[in-house]
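The values are calculated or read from the model by the stated rules, or taken from the named source; none is laboratory data. Worth saying up front: this structure is predicted, and the values here are computed from it rather than measured. Positions of Cβ are generated from backbone atoms using ideal geometry, with glycine treated the same way; all protein chains shown enter the neighbour counts.
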There are 2 protein chains.
Amino acid sequence: MSTLKGSCIIGQSGGPTAVINASALGAIQTALADPRITHVYGAAHGIRGVLDDALYDMSLEDPAELARLKYTPSSALGSCRHKMKDPDIDDTEYRRVLEIFKKYDVRYFFYNGGNDSMDTCNKISKYMLKAGYECRVMGIPKTIDNDLFGTDHCPGYGSAAKYIATTCMEVYQDARVYDMPMVTVIEIMGRHAGWLTAAAALATAAGLGPDLIYLPETDFDQAAFLRDVKALYEKNGKVIAAVSEGIHDAEGRFISEASTSATDGFGHAQLGGLAARLADLVKTELGCKVRGIELSLLQRCATHCASATDIEEAYAAGAAAVRHAVEGLTDKMVGFRRVMENGHYRCEIQLLDLEGVANLEKKVPREWINAEGNGILPPFIDYATPLVRGETGLPFENGLPRFAKLKKIRAR
Amino acid sequence: MSTLKGSCIIGQSGGPTAVINASALGAIQTALADPRITHVYGAAHGIRGVLDDALYDMSLEDPAELARLKYTPSSALGSCRHKMKDPDIDDTEYRRVLEIFKKYDVRYFFYNGGNDSMDTCNKISKYMLKAGYECRVMGIPKTIDNDLFGTDHCPGYGSAAKYIATTCMEVYQDARVYDMPMVTVIEIMGRHAGWLTAAAALATAAGLGPDLIYLPETDFDQAAFLRDVKALYEKNGKVIAAVSEGIHDAEGRFISEASTSATDGFGHAQLGGLAARLADLVKTELGCKVRGIELSLLQRCATHCASATDIEEAYAAGAAAVRHAVEGLTDKMVGFRRVMENGHYRCEIQLLDLEGVANLEKKVPREWINAEGNGILPPFIDYATPLVRGETGLPFENGLPRFAKLKKIRAR
């Protein structure tokens with residue numbers, strides 16, 4: 001394979017996770033150490049930073065501070081939800097990207113994100129090829145949603161799953177404390193895929209979790225939900241139900257849709273308020289004490305409860321992207337293959353064609369959900385357990401987390 | 001002082017905390033080890049367990065499992081929100097308590113709770129004295145609200161404060177990630193006292209916290225709130241406001257009151273939904289992206305983010321209650337005195353008269369809040385910082401918390 005010398009850009013895109021900075025760190029440290037990479041730039045707010053000529057010179061950061069990125073939540077370089085147009089219809093932005101790439105002699109582009117970001121990677125790579133500009137493009141996966149195609153799981157998921165399961169266990173303890181009946185509804189993120197909500201089943205498998213779990217992989221029938229809750233309520237007095245924000249009726253309408261009409265930058269409906277709504281519904285039907293809890297942003301930024309397995313894998317994904325690119329590969333997304341040896345989990349890096357992963361969504365297999373669509377089966381527990389193992393190494397100072405403080409010095 | 005031999009009952013009451021079980025453990029282990037205490041009983045659901053003759057024999061628990069109570073959230077024995085009547089009006093329940101005390105030869109009663117529970121302690125103690133039944137009664141404080149009178153702080157507060165500050169720091173990282181303006185409203189518990197909401201200022205002092213903080217100690221002026229948010233929004237693009245669930249207007253009406261009409265067992269209004277409501281208001285006024293986050297139950301049960309200082313102090317409070325009772329004291333609540341030596345914090349046990357603490361509420365001093373009523377001043381930071389220091393020793397198994405599993409064998 002040919003040696004390609006030049007600068008690299010690392011960008012972060014889409015919703016943040018607890019470990020996206022661990023991936024950035026893996027890429028940045030590997031790139032800084034590689035003689036074939038002349039400059040390491042961080043894009044301010046993903047592809048927007050490229051378009052705006054807003055790049056940070058990562059070599060000017062204090063290495064010790066940079067190393068703290070491993071335990072710093074959210075996207076330290078800034079993220080965006082910018083969807084690039086089809087270049088065949090409007091190539092304005094692509095021409096601008098090429099201009100910036102030429103200005104900084106960028107020969108490596110590493111983009112860390114979810115489905116939409118892999119699509120951005122793919123489009124940029126194709127445009128550069130067409131323009132005859134040699135640039136290697138690698139996608140680094142991240143998404144708490146765990147819905148990227150072709151990879152066993154995604155960096156970010158294990159930590160969110162660990163936080164969700166831990167929180168469900170703590171809420172379980174709390175919700176059972178009084179000698180009076182109560183129904184608790186916990187709303188968990190996940191628009192189209194139920195991976196996050198299914199993580200609540202880890203708490204149930206540990207004996208301290210929701211009684212009922214509803215994913216968007218099945219249609220949500222409000223009458224059946226009320227029947228489920230009522231039956232358990234009459235039997236046990238206490239009921240905890242976990243619901244995905246993306247649960248929908250048989251016609252595909254989000255149950256939470258009435259709550260809001262906002263959309264995000266990609267045109268997706270912004271969901272929320274579902275827990276309160278279902279809790280109210282239960283209260284009206286059963287006349288009992290209810291509580292609705294929305295885990296909200298906390299599930300994607302809780303580095304204090306991140307999974308060590310997830311952190312290390314996220315770092316490895318970032319490092320692998322750089323290593324494989326300098327060795328000659330391009331148009332790939334770093335993926336994970338699960339290897340089980342004598343019952344022990346191991347995660348291997350595998351490279352997937354960007355073309356094959358962009359814009360595809362991986363859902364929880366229907367056979368991992370019970371027939372009634374209100375519970376999760378053992379194969380999911382076997383799948384998710386290795387991903388939440390190990391505790392974070394987040395350092396505390398004076399009782400509070402100590403996150404990375406970057407200087408973010410603009411490149412010229 | 002006279003030696004009094006007999007059984008003891010330990011009960012837990014009111015809303016759970018991350019460390020109320022640490023106090024129970026301190027009391028139980030100390031009582032089990034003391035030859036003057038013949039039997040150690042745990043009351044199922046606080047005073048209700050006494051009334052219902054539902055006591056657990058704590059000597060039958062596996063000591064190793066019992067020891068896990070130090071890191072198990074919520075009230076392991078069960079809690080209640082039962083308010084006892086004035087015995088001069090109706091002494092039915094007091095006669096029943098005396099009957100149970102006689103049945104089990106109970107000479108020590110330890111009750112772990114907040115304001116209302118200290119009132120219960122006080123009433124029971126007075127009744128036993130009047131009835132000529134010798135029984136020593138000690139209150140062990142707990143409340144995330146930190147509103148108990150006479151003590152520097154309350155077990156449970158430090159852990160809740162640590163969780164709130166940590167979560168605010170993580171949300172801060174997350175909320176600033178996009179290159180578009182956004183206003184985030186975080187709703188924090190605390191009906192009448194703003195201690196919990198003030199803890200968000202620890203995050204601000206660390207450079208990663210809310211811009212605006214509103215406590216129930218001052219009147220909430222919606223117009224001023226919108227002006228505050230708008231000014232910061234126009235200057236910085238990003239705004240985070242932390243509000244207490246108990247903020248109220250100048251007439252004392254809760255801002256969240258329209259959201260719900262439910263009340264709890266003590267007749268207090270059940271609040272909630274405030275974050276969403278204020279976020280909607282900001283959206284209507286400023287037309288910007290908003291997010292409302294309610295920390296909900298998580299702030300009182302997040303043992304995974306508990307303060308080691310709080311855990312150890314909670315344990316010490318439970319142990320001290322038993323130690324002082326067997327030494328002859330009664331009608332006291334264990335309190336904390338803060339000792340600062342060369343800038344180092346130390347916490348000393350002090351005993352307060354139950355009479356002097358029951359039903360009184362301690363609020364955040366007005367002079368610790370800025371003149372505008374939208375921010376917290378340095379004296380609070382100095383006060384709260386030592387309380388959140390140190391991390392939990394919660395053990396994890398297979399990536400998830402491992403809480404105590406008690407057998408709860410009923411005494412006969």
Reported set for the range B:283-305 where residues are closer than 20 Å to A:Met169 by Cα and in a helix (DSSP H, G or I) is B:Leu298, B:Gln299, B:Arg300, B:Cys301, B:Thr303, B:His304, B:Cys305
Considering the range B:19-50, residues that are within 11 Å of another protein chain (Cβ to nearest Cβ) and in contact with a Cys (Cβ under 6 Å, 6 or more places away or on another chain), and then whichever is farthest from B:Arg191 (Cα to Cα), we arrive at B:Arg48
Residues of the range B:166-197 being without any contact (Cβ under 8 Å) to a residue 60 or more places away in the chain, in a helix (DSSP H, G or I) and within 11 Å of chain A (Cβ to nearest Cβ), in sequence order, are B:Met169, B:Glu170, B:Gln173, B:Asp174
Checking B:Asn359, B:Asn342, B:Asn370 in turn, the sole residue that is touching a strand residue (DSSP E or B) at 6+ places or on another chain (Cβ under 8 Å) and surrounded by fewer than 13 Cβ atoms within 10 Å (Cβ to Cβ) turns out to be B:Asn370
Filtering the range A:306-330 down to residues that are more than 17 Å from A:Leu352 (Cα to Cα) and part of a helix (DSSP H, G or I) yields A:Ala308, A:Thr309, A:Asp310, A:Ile311, A:Glu312, A:Tyr315
Quick count over the range A:142-164, residues being small (Gly, Ala, Ser), assigned to a loop (DSSP other than H, G, I, E, B) and either modelled with pLDDT of 95 or more or not assigned by TED's automatic domain parsing to the domain that holds A:Val19 (or both), is 1
Within the range A:357-412, residues within 14 Å of chain B (Cβ to nearest Cβ), of a type in the set (S, T, N, Q) and part of a loop (DSSP other than H, G, I, E, B) come out as A:Thr392, A:Asn398
Kindly indicate whether any position in the range B:198-213 is more than 9 Å from chain A (Cβ to nearest Cβ) and touching a Lys or Arg at 6+ places or on another chain (Cβ under 6 Å). no
Going through (1) over 23 Å from the mean Cα position of the chain (by Cα); (2) crowded, with 24+ Cβ neighbours inside 10 Å one by one, B:Thr167 fails only at (1)
Scanning the range B:204-256 for residues that are part of a helix (DSSP H, G or I) and of a type in the set (Phe, Trp, Tyr), the one nearest to B:Gln173 (Cα to Cα) turns out to be B:Tyr233
The range B:1-99: helices (runs of 4 or more DSSP H) wholly inside it with 3 or more residues that are farther than 26 Å from A:Cys168 by Cβ are B:20-33, B:47-51
